[in-house]
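Everything on this sheet refers to the single structure shown next.
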Amino acid sequence: MTAGWVDRALTEHQASEHEYQASEHAHEHRAGERAGAPQPAPGTVREELVLERIDRARRARPRVREDRITMSHGAGGKATQTLIEAIFLNAFRNPLLEPLEDAARLEVAGARLALTTDSYVVSPLFFPGGNIGDLAVNGTVNDLAMAGATPLYLSAGFILEEGFPVEDLTAITASMAEAARVAGVQIVTGDTKVVEKGKADGCYLNTAGIGLIAAGPAGVGSAGPGLAGSGLAGSGLAGGGLNLGVAHARPGDAILVSGPIGDHGITILLARGELDIEADITSDTAPLNGLVAALLAAAGPGVRALRDATRGGVATILNEIARAADVGVLVSEDAIPVRAEVRGAAELLGIDPLYVACEGRMVAVVDAASAGAALAALRAHPAGPQAAVIGQVTAGPPGIVQLKTAFGGTRIVDLLVGDPLPRIC
Amino acid sequence: MRFVDEFRDGEKARALAAKISALCEPGRQYKLMEVCGGHTHTIYKHGLEDYLPEQITLVHGPGCPVCVIPMGRVDDAMALAAEPDVIMTSFGDMMRVPGSNGSFFDAKARGTDIRMVYSPLDSLKIARKNPDKRVVFMAIGFETTAPSTAVTMLRAAAEGLANFSVFCNHVTIIPAIKAILDSPDLRLDGFIGPGHVSTVIGCRPYEFIARDYGKPVVVAGFEPLDILQSIYLLMLQLSAGRADVENQYSRVVPWDGNAVALRAIGQTMELRPYFEWRGLGFITHSALKVRPDFAAFDAEVLFRVPGVRVADPKACQCGEVLKGVLKPWECKVFGTACTPETPIGTCMVSPEGACAAYYNYGRLTRTRVAAAAGGARP
């Protein structure tokens, strides 16, 4: 932002207000006519109008107002979303990119593929429960799994800082190899760049991945190294293949998480050692493809959407669901699994676990009829014993995520603004 | 989780809510101000208003440290940060507060060395690690945070640290409450007293509110049941026609405050003749500055601070919101031009700001409750 930004914001605001005024008057008129029903409390009609105006402002085309990138642009919240939509989507717009899912779904010579990429800048590089290497493999495996694909092949790009210990690099690559083995994928291509000391922070990683989306039971199990380990073979998927996406959420659908949330983010925060808080928490980094296969086998076509709750946490996913499907989301604080250590640390730091990153947890939207089977399948899998139904999709208010608090009140859960936890993955 | 869940018990809340409703006189409206932004945050974060009858309105007060910092002071801090070899350190809350040329975050993106710290003692660590740099701590907050700034200066003095200083913006709560009591715009029935400030200053300083203005004060804790119980205690006083200072937060707040903390403040800081508050204007004896004997740690002495007064943007109604005259949504630019991601006013920045709390958590509650008015209430 530069000098005069307030004036610009206000001018913009006034222009849109003028445009809307006519319809607002009409609305006020309508509101006044609402007879019969109990009269709203004094002041509420105008508050309603304000809320409506806010809703409109929130749906306005995103614009990047800053003239430089700030840390918020990488935090996974509102600013990240604005950056993606206003800069990247604007430049690259095409139907495959537009759904902004974790992986793009492509059709190549009759095969349905999922393609994804992710970069890793986590600090510190080594943390309880993992390091940047297994994080990078699991992250990309999970992005493919969330598209309902069987992860097959990964690439690995290394950006190394001059002076980085070879011993550390060896440890990182060993973790990557092990994570790939566990997830049933192969790292088949790569790239290395070295930059001068001070131009990077030790080691940055990029992984891209490709996976196969099952066309139906017959199509599964015929190719690739990943399938044997994934358990997806014979999962009984409907012909025509899966088409998962948050836009498919419908009122009445159940929302599940696959386990306690926030472990990774809090682990990283504490591993930095700046807070002098010690707790027995390890990162939840893990591949989710096995869990997804089990879920799809049990709840098959009832599964509408899967998302791994990384940066921005579960709250961000819930908002993406509400926004993409133009529905409401209602979750219950009591039902959301959070480890006591994570809750305690988050409470001390004034952070809401709903916004804290996980690296081995997913949110699933499942139609109501399949919710029971889905929950049972998740809980029966070694990666999901603490899975839980945390809420449901509602008809409205559209675009809004509401939380029934443990205290018994109701509040909104909005997209994250600001950046409490930079460089978490 | 122990010591937390007990204070968020829905059953107890329902029981208290019933008692509160029973104390409301028919036809009477009650306006209670929660002075502290931490309370505002709790109220919205837990959806506490759902438990209150229509007759009770909570009015959000000025006790939000970030909210009351005037734009000119933010610009001063930016100017300090831009001085050669300076590392500016600040609490996370401060990072997004807009000055007339953007926020700390924007300045950081332009290359200014600004770092977020959780405690002023972290700034000392940075100073020790960077002896060739001049580390400035942007000190904000009421009497709650002033002791930690004081202790940091005392420690810096004991160590003889030469590259650490404080840009002092500490404010005091009592003059702000007095300004609100004297404001003709607002008629309040009672105060939910600030808990954290009171751990330092105790409960005695509020006695004038009960004695001279006839308004009850209940110093409250920060869990939702604390606040609900404090509202109940206020309603008990109001229904009995009493005006006393009571301490709901006695598990933390000593009646006479914390003598050690007060002494540390007194050793290192003194009252300014006057200080500008965002939206409230200049208030006499309402802020602290570094004492002359600690001038070696006073950024206002060590650096040239521009000290230019910057008027708030015309459309910004933070002042009215801070005084409780306007509800956040009644501000003209609320939620449209002014949002948490592009805040114009400070009330939209801090998690303790009434506008941010309402935008992030409460945008819905009132309409839902209005729709349900007449019986669906717990």
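The values are calculated or read from the model by the stated rules, or taken from the named source; none is laboratory data. Everything numeric here is computed off the predicted structure, so don't read it as measured data. FYI the Cβ positions are ideal-geometry reconstructions off the backbone, even for glycines, and counts take in every protein chain you see.
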Selection over region A:107-132 where residues are over 30 Å from residue A:423 (Cα atoms) and part of a strand (DSSP E or B) yields a count of 4
Inside region A:301-317, can you point out the residues that are more than 18 Å from residue A:259 (Cβ to Cβ) and charged (D, E, K, R)? A:304
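Yes/no per residue for (1) on the phi > 0 side of the Ramachandran plot; (2) more than 14 Å from chain A (Cβ to nearest Cβ); (3) in contact with a Pro (Cβ under 6 Å, 6 or more places away or on another chain):
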site: B:294; (1), (2), (3): no, yes, no
site: B:318; (1), (2), (3): no, no, no
site: B:334; (1), (2), (3): no, no, yes
site: B:362; (1), (2), (3): no, no, no
Quickly run through region A:331-379 and pick out the residues that are farther than 27 Å from residue A:277 by Cα, of a type outside the set (A, V, I, L, M, F, W, C) and buried (at least 19 other Cβ atoms within 10 Å of the Cβ). A:367, A:370
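Yes/no per residue for (1) modelled with pLDDT under 95; (2) touching a Ser or Thr at 6+ places or on another chain (Cβ under 9 Å):
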residue	(1), (2)
B:221	no, yes
B:230	no, no
B:240	no, no
B:244	no, no
B:247	no, yes
B:253	no, yes
B:259	no, no
B:279	yes, yes
B:287	no, yes
Which residues, taken from region A:45-103, are acidic (Asp, Glu) and under 21 Å from residue B:333 (Cβ atoms)? A:47, A:48, A:52, A:55, A:66
When residues of region B:1-41 are filtered for being in a loop (DSSP other than H, G, I, E, B) and β-branched (Val, Ile, Thr), how many remain? 1
Residue A:87 vs. criteria of a type outside the set (S, T, N, Q) and facing another protein chain (nearest Cβ under 9 Å): no
Within region B:104-159, of all residues that are under 21 Å from the mean Cα position of the chain (by Cα) and of a type in the set (Gly, Ala, Ser), the one nearest to the other protein chains (Cβ to nearest Cβ) is B:119
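Let's see how each residue does on (1) modelled with pLDDT under 85; (2) under 20 Å from the mean Cα position of the chain (by Cα):
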site: B:321; (1), (2): no, yes
site: B:326; (1), (2): no, yes
site: B:329; (1), (2): no, yes
site: B:340; (1), (2): yes, yes
site: B:352; (1), (2): yes, yes
site: B:356; (1), (2): no, yes
site: B:364; (1), (2): yes, no
site: B:369; (1), (2): yes, no
site: B:377; (1), (2): yes, no
Counting only residues in region A:63-80 that are under 25 Å from residue B:364 (Cα atoms) and more than 10 Å from every other protein chain (Cβ to nearest Cβ), the one modelled with the highest pLDDT is identified as A:80
Identify the residue in region A:403-412 that is touching a residue at least 40 places away in the same chain (Cβ under 8 Å) and surrounded by fewer than 24 Cβ atoms within 10 Å (Cβ to Cβ) and, among all such residues, is farthest from the other protein chains (Cβ to nearest Cβ). A:404
So which of B:166, B:200 is touching a Gly at 6+ places or on another chain (Cβ under 6 Å), buried (at least 20 other Cβ atoms within 10 Å of the Cβ) and under 30 Å from residue B:295 (Cα atoms)? B:200
Residues to consider are A:224, A:239; find the one that is at pLDDT below 95 and surrounded by fewer than 14 Cβ atoms within 10 Å (Cβ to Cβ). A:239
3 or more residues free of Cβ contacts under 8 Å to residues at least 60 places away in the same chain and among the basic types (Lys, Arg): qualifying helices (runs of 4 or more DSSP H) within region B:88-197: B:120-129
Evaluate region B:217-240: report whether one residue or more is over 20 Å from the mean Cα position of the chain (by Cα), assigned to a loop (DSSP other than H, G, I, E, B) and either closer than 17 Å to residue B:16 by Cβ or not aromatic (Phe, Trp, Tyr) (or both). no
Index of the failed condition, residue B:168 passing every other in (1) closer than 18 Å to residue B:124 by Cα; (2) more than 17 Å from the chain's Cα centre (by Cα): (2)
Restricted to region B:42-55 and to residues being under 25 Å from the mean Cα position of the chain (by Cα) and in a loop (DSSP other than H, G, I, E, B), the residue farthest from residue B:357 (Cα to Cα) is B:52
Assuming residue B:208 fulfils every condition listed in (1) surrounded by fewer than 22 Cβ atoms within 10 Å (Cβ to Cβ); (2) part of a strand (DSSP E or B); (3) of a type outside the set (S, T, N, Q) apart from one, which condition is it? (2)
Count of residues meeting criterion [in contact (Cβ under 8 Å) with a residue 12 or more places away in the chain and outside any helix (DSSP H, G or I)] in region B:69-87: 7
If you go through region A:248-296 one residue at a time, how many are surrounded by fewer than 22 Cβ atoms within 10 Å (Cβ to Cβ) and hydroxyl-bearing (Ser, Thr, Tyr)? 1
Considering only region B:241-265, state which residues are in a helix (DSSP H, G or I) and β-branched (Val, Ile, Thr). B:260, B:265
Count of region B:23-41 residues which are within 10 Å of the chain's Cα centre (by Cα) and not aliphatic (A, V, I, L, M): 5
Over region A:87-106, the set of residues in a strand (DSSP E or B), aliphatic (A, V, I, L, M) and surrounded by 15 or more Cβ atoms within 10 Å (Cβ to Cβ) is A:104
Filter region A:151-195 for residues that are hydroxyl-bearing (Ser, Thr, Tyr) and under 27 Å from the mean Cα position of the chain (by Cα); the one that is surrounded by the most Cβ atoms within 10 Å (Cβ to Cβ) is A:175
Output the number of the condition that residue B:153 fails; it satisfies all remaining conditions of (1) crowded, with 19+ Cβ neighbours inside 10 Å; (2) farther than 30 Å from residue B:225 by Cα; (3) touching a Leu at 6+ places or on another chain (Cβ under 7 Å). (3)
